[in-house]
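Only one structure is covered here, and it is reproduced in the block below.
The values are calculated or read from the model by the stated rules, or taken from the named source; none is laboratory data. Quick caveat: nothing in here was measured; it's all calculated off a predicted structure. Neighbour counts run over all protein chains shown; Cβ positions are idealised from the backbone, glycine included. Keep in mind that these areas ignore ligands, DNA and RNA; they rest on the heavy atoms of the full protein, side chains included. Shrake-Rupley method; radii C 1.70, N 1.55, O 1.52, S 1.80 Å.
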Amino acid sequence: MRRPIVAIIALLLLSPVWGRADSTGSSTGPWDVKALQTANVTLVWGADVPAGRAREVYYPGEPFQGKPTRVFAYYARPAGDGPFPGMVLVHGGGGKAFPKWAEHWAERGYCALAMDLAGNGPSGRLPDGGPDQSDDVKFREFDAKTERDMWTYHAVAAAIRGHTLLAGLPEVDKKRTAVTGISWGGYLTCIVAGLDDRFKAAVPVYGCGFLNESSYWKEPRFDKMGAERAMKWVNAFDPSRYLPAAKCPMLFLNGTNDFAYPLDSYKKSYQLVKSPVAISVRVRLPHGHIWTFGEVDAFIDSRIKVGNPLPSLGEIRREGDKVSATVASKEKLKDGRLCYATAIGPWQKREWKSVPADLTEGRVVAKLPAEHPLVYFLTVTDARGLEVSTAHDEIPLGGDGSK
């Protein structure tokens with residue numbers, strides 16, 4: 001019996017490979033990645049920032065509603081001739097191009113580009129800026145003719161073209177570049193890492209994929225769209241469609257109670273990545289435009305510059321009421337912890353506790369509390385004060401098996 005045309009269309013919409021594909025078969029969504037990677041980017045330099053290293057710069061964006069656009073950014077570089085490694089910096093919701101963020105990386109020996117992703121310049125909205133980053137704009141309805149007017153399309157394109165700009169500067173070593181983003185910038189970093197294979201490392205802070213399944217936006221946005229429209233957005237713009245193609249090592253940094261990107265979606269996101277992954281989940285980490293995480297600096301340094309890597313934790317194992325993971329570190333370890341919470345209710349409201357774990361013979365080991373259902377993970381902190389964690393695991397109500 002033949003399936004009705006409507007059913008066939010629905011199946012296509014629900015397919016995770018909907019959209020364009022590159023030569024490897026990976027989805028590239030609505031972006032022409034090769035064009036963004038090879039664009040001849042014309043720079044227009046603006047004013048120097050007083051008492052700082054950052055300079056204002058403008059470069060072409062994608063057409064918006066049929067009109068050309070510009071992207072505003074701050075660029076900062078170390079003193080000297082180079083070549084220096086490069087950093088692309090992607091801000092989050094309510095954020096902007098931050099000169100201090102670019103200067104942070106310049107002080108650490110990197111050429112850094114921090115672009116604006118909401119159509120703004122240094123003093124407010126540009127007359128030729130792209131779409132703003134309000135939720136109404138991010139989640140508005142679109143079709144094949146208007147998908148390239150969507151905010152995510154413009155933001156990802158601005159980041160990849162910004163990378164092309166950065167890599168083309170004479171003082172930048174184009175073979176040593178990385179990207180990091182915060183919140184919505186972390187969401188964008190997940191997409192960019194799956195599209196732009198030139199990066200040698202990527203760090204999404206907070207942001208992840210599977211927004212339609214579990215996120216701040218599930219109830220107010222996706223649940224009200226209807227299944228077909230929601231899946232169309234997911235297939236075009238959710239990081240879950242692009243993370244499997246990421247080729248560079250990635251660090252995922254988040255908090256246990258993050259209001260926007262809960263740990264279930266976070267875990268599903270980093271488990272899609274086939275390249276090496278490090279995790280740093282902090283108990284009750286605040287959410288904000290924080291770019292001073294030592295873990296981010298050390299992870300990037302160890303991948304494209306110099307410096308010892310973060311400690312490496314193996315998969316968490318449970319035998320009865322004992323949990324453990326292997327640990328390897330070039331730095332001395334100073335602390336191990338078991339972090340746990342009752343596994344009921346919204347992730348954002350769970351009461352997490354942290355208790356000491358033993359560090360012995362290349363393993364971190366702890367005893368689980370008797371309460372079930374339970375969610376838990378292990379962490380270690382090295383002599384630099386840098387913390388990494390295992391993926392979290394769960395014991396259901398009445399669960400007593402081991403693995």
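Things worth noting here:
- Residue within the stretch 275-284 that is in contact with a Lys or Arg (Cβ under 7 Å, 6 or more places away or on another chain) and either assigned to a loop (DSSP other than H, G, I, E, B) or not acidic (D, E) (or both) present: yes
- When K330 is tested against (1) free of Cβ contacts under 8 Å to residues at least 60 places away in the same chain; (2) surrounded by 14 or more Cβ atoms within 10 Å (Cβ to Cβ); (3) charged (D, E, K, R), only condition (2) is not met.
- Selection status of L378, under 26 Å from the mean Cα position of the chain (by Cα), under 24 Å from F299 (Cα atoms) and in a strand (DSSP E or B): yes
For every residue, the table says whether it meets (1) of a type outside the set (A, V, I, L, M, F, W, C); (2) at pLDDT below 95; (3) under 22 Å from A193 (Cα atoms).
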residue: Q37; (1), (2), (3): yes, no, yes
residue: R53; (1), (2), (3): yes, yes, no
residue: F72; (1), (2), (3): no, no, yes
residue: W101; (1), (2), (3): no, no, yes
residue: Y110; (1), (2), (3): yes, no, yes
residue: A114; (1), (2), (3): no, no, yes
residue: S123; (1), (2), (3): yes, yes, no
residue: D128; (1), (2), (3): yes, no, no
residue: S134; (1), (2), (3): yes, no, no
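- Residue list for the stretch 66-113, filter: of a type in the set (F, W, Y) and either in a strand (DSSP E or B) or touching a Leu at 6+ places or on another chain (Cβ under 9 Å) (or both): F72, Y74, Y75, F84, F98, W101, W105
- Residue in the stretch 298-307 that is open to solvent by 20 Å² or more (accessible area, probe 1.4 Å) and touching a helix residue (DSSP H, G or I) at 6+ places or on another chain (Cβ under 6 Å) present: yes
- Selection within the stretch 87-99 - more than 15 Å from the chain's Cα centre (by Cα) and farther than 15 Å from V296 by Cβ: G94, G95, K96, A97, P99
- Some residue of the stretch 334-342 being more than 17 Å from G255 (Cα to Cα), modelled with pLDDT of 95 or more and surrounded by fewer than 19 Cβ atoms within 10 Å (Cβ to Cβ): yes
- Any hit, the stretch 299-318, residues being part of a strand (DSSP E or B), out of contact with any Pro (no Cβ under 6 Å at 6 or more places or on another chain) and aliphatic (A, V, I, L, M): yes
- For the stretch 172-184, the criterion of being closer than 16 Å to M87 by Cβ, in contact with a Lys or Arg (Cβ under 7 Å, 6 or more places away or on another chain), open to solvent by less than 10 Å² (accessible area, probe 1.4 Å) and not in a helix (DSSP H, G or I) is met by at least one residue.
- G207 meets all of the listed conditions (1) assigned to a loop (DSSP other than H, G, I, E, B); (2) open to solvent by 10 Å² or more (accessible area, probe 1.4 Å) but one, namely (2).
- Number of positions in the stretch 114-161 that are in a loop (DSSP other than H, G, I, E, B), open to solvent by 30 Å² or more (accessible area, probe 1.4 Å) and in contact (Cβ under 8 Å) with a residue 40 or more places away in the chain: 3
- Matching residues in the stretch 70-82 - criterion: being of a type outside the set (D, E, K, R) and surrounded by 19 or more Cβ atoms within 10 Å (Cβ to Cβ): V71, F72, A73, Y74, Y75, A76
- Residues that are outside any strand (DSSP E or B) and open to solvent by less than 40 Å² (accessible area, probe 1.4 Å), drawn from the stretch 363-375: L368, P369, P373
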